[in-house]
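Here the structure is laid out as structure tokens; the discussion comes afterwards.
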Amino acid sequence: MPNLPDPILLAIPAFIALIVAEMIYARVTGRAQFEPSDTAASLTMGLGNTVSGLALGFVAVAWFTYLERFALLEIGYVWWAFALAFVLDDFVYYWAHRMAHTVRWWWADHVVHHSSQHYNLSTALRQPWLSPLTLKFIFFGSWLVLIGFPPAMVAFVGALNLVYQFWIHTEVVKRLPYPVEMVMNTPSHHRVHHATNPCYLDSNFAGVFIIWDRLFGTFVPESATEPCRYGIVKNLGTHNPMVICLHEWWGIVKDVRSARSPREVIGYWLGPPGWSPDGSRDCSKTIKKKWHALQSAQPVDVDEQSETGPEQAAPAE
Amino acid sequence: MNDPLILILVLIASAVSITGLVLLNRWLGGWQPARLESPAGAATCLSNDIVGFRAGETALFDQGTGAFVMEQGGDRLGLVWTRGARFVTRVLSDGDVASVDREGRTLTLKLCDYTFSRMEAVMADEAEAELWAERLNGFLRAEGGRDAQPA
Ligand SMILES: [Zn+2]
Ligand SMILES: [Zn+2]
């Protein structure tokens with residue numbers, strides 16, 4: 001078995017250098033924005049994610065070591081296997097990510113990444129601390145190992161996937177050439193994914209290749225007339241990392257405690273984020289539905305609306 | 001990462017890098033606190049975040065740091081509050097408020113929402129503060145009531 005490097009560890013100096021470069025570019029051009037308290041929260045979440053990965057990652061390692069014996073094929077460390085594993089892992093990532101937005105149990109973890117109202121390279125590092133406890137690695141990580149790809153190879157291509165996703169968290173890059181935008185996940189596509197505008201909700205779940213969204217009907221292009229508003233449907237009133245990390249978990253606990261039937265327990269736990277027994281809360285689907293109804297009732301001129309909008313996020317001269 | 005010494009060095013280097021980046025961000029600036037300049041701004045914030053919310057009577061806080069907005073033809077109260085360069089909104093329904101305290105023209109509001117638990121609003125004058133305190137009291141949680149949930 002070759003001794004594969006850790007791509008994320010190797011990329012950390014580049015991450016830092018690119019954040020510094022984007023900060024300076026943002027200051028000079030005003031085409032991006034960093035806010036110290038938000039940056040601090042994002043980077044702290046990133047560090048916590050690394051620490052928790054080291055502390056809890058052994059659970060996943062133990063699982064894959066156990067699972068390896070049930071593999072259907074014996075695939076070696078050959079170049080085409082790396083390439084195939086990279087593409088298949090990205091396919092699995094698409095579904096895992098889609099589930100992370102539609103099942104509250106996994107959303108409680110993934111919401112951390114979406115909790116910033118800014119969108120810059122530091123947002124890429126805003127990652128959850130409790131991921132191994134969601135058992136996502138069992139549901140989504142097992143497939144490639146069961147096919148026969150070595151666990152170390154799967155971990156390696158998975159890390160490459162995450163390294164790729166770093167650079168797409170930026171407002172600096174507008175649109176890339178057409179063939180790139182067609183095939184790859186780009187800053188434009190991922191901005192839409194981070195946006196809370198009703199028309200953008202639950203779209204562009206891709207990791208590296210946007211083709212999965214195009215194939216499975218979740219692709220939404222960025223529109224010049226609908227600037228992205230970043231964050232979550234109910235933005236947090238704090239930058240406290242503990243609240244960022246735990247708020248949705250706490251929400252699940254409180255809701256499950258108040259449940260009056262097993263159906264309600266399941267709904268609060270595994271239903272879509274925002275699910276409630278009486279439908280009194282909003283989930284993505286209901287928000288989109290209300291928004292579409294409103295649009296057809298009274299079309300809104302987005303340009304006009306933004307002109308009268310609040311003074312928000314204006315970069316300093 | 002199996003060597004504890006390397007691990008400790010990586011963690012220390014990460015902590016130093018984070019501090020450095022945040023200090024650089026502070027030094028460079030490039031952002032301004034969000035401010036509401038008019039009731040229309042508050043209405044836009046709320047209608048963006050809460051689909052279908054139609055703004056009615058509005059009171060901006062001193063310096064445009066937020067706003068209280070009654071819903072037109074509804075019984076909810078919209079809240080806009082600045083958090084750095086961005087706005088955070090909430091729409092209050094029955095039982096969402098834990099307490100309302102008024103001191104002169106300053107209102108201190110505690111919400112039954114652990115993601116946005118407390119805010120202070122300096123109103124234009126005491127009469128306006130008194131009026132909105134009274135309205136907010138209408139959303140107080142009943143004793144032993146259930147906490148409001150964030151989405
Ligand atoms: Zn996501
Ligand atoms: Zn992202």
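Once C-alpha pairs closer than 8 Å and six or more residues apart are averaged by separation and normalised to the residue number of chain A, the relative contact order reads 22 percent. Taking the C-alpha atoms only, the angle from helix B:4-28 to the longest principal axis of chain B is near 50 degrees. Site pair residue B:11 and residue A:18 shows an inter-label distance of 2.6 nm when each label is modelled 7 Å from Cα along Cα→Cβ. Here segment A:14-99 is treated as an ellipsoid with the same Cα gyration tensor; its semi-axes, largest first and in whole Å, are 37, 19, 12. Partner shielding of A:30-39 amounts to 6, given as the average count of beta-carbon atoms from other chains within 10 Å of each residue beta-carbon. Which distance in nm do the two modelled labels at residue A:254 and residue B:134 give, with both placed 7 Å along the Cα-to-Cβ direction? Here the modelled spin labels are 3.0 nm apart. Roughly what angle does helix B:126-137 make with the longest principal axis of chain B, taking Cα atoms, 0 to 90 degrees, to the nearest 10? Relative to chain B, helix B:126-137 is tipped by roughly 80 degrees. Placing dummy labels 7 Å off each Cα toward the beta-carbon, the span from residue A:173 to residue A:215 is 2.2 nm. For residue A:200, the shell of other residues with beta-carbons less than 11 Å away shows a net charge of 0, using +1 for Lys and Arg and -1 for Asp and Glu. Which percent of the Cα-Cα distances in segment A:7-216 go past 20 Å? Value for segment A:7-216 (Cα pairs over 20 Å): 60 percent.
Using the average count of surrounding beta-carbon atoms within 10 Å as a protection proxy, the listed peptides A:95-104, A:56-65, B:76-85 rank, highest first, as B:76-85, A:95-104, A:56-65. Taken over the Cα atoms of segment B:39-137, the convex hull encloses 92 Å³ per residue. Over segment A:139-218, with a single point scatterer placed on each C-alpha, what log10 of the ratio I(q)/I(0) does the Debye formula yield at q = 0.14, 0.17, 0.26 1/Å? Taken in order of the listed q values, log10 I(q)/I(0) reads -0.55, -0.77, -1.23. Using a cut-off of 22 Å between Cα atoms, the listed pairs A:254/B:110; A:234/A:289; A:288/B:110; A:234/B:110 include A:288/B:110 as exceeding that distance. Counting only Cα atoms, the protein assembly as shown measures 76, 57, 48 Å along its principal axes, largest extent leading. Within 10 Å of the Cβ of each residue in B:10-20, the mean number of Cβ atoms contributed by other protein chains is 4.
Highest mean packing first, where packing is the average number of other Cβ atoms within 10 Å per residue, the peptides B:18-25, A:2-9 line up as B:18-25, A:2-9. When peptides A:286-296, B:54-64, A:41-51 are ranked by their average number of other Cβ atoms within 10 Å per residue, the highest-first order is A:41-51, B:54-64, A:286-296.
Bear in mind these aren't lab numbers, they're just calculated from the coordinates by the rules spelled out. Every value quoted in this text rests on a predicted model; they were computed, and no experiment measured them. Counting neighbours? That spans all protein chains shown, and the Cβs are built from the backbone with ideal geometry, glycine included.
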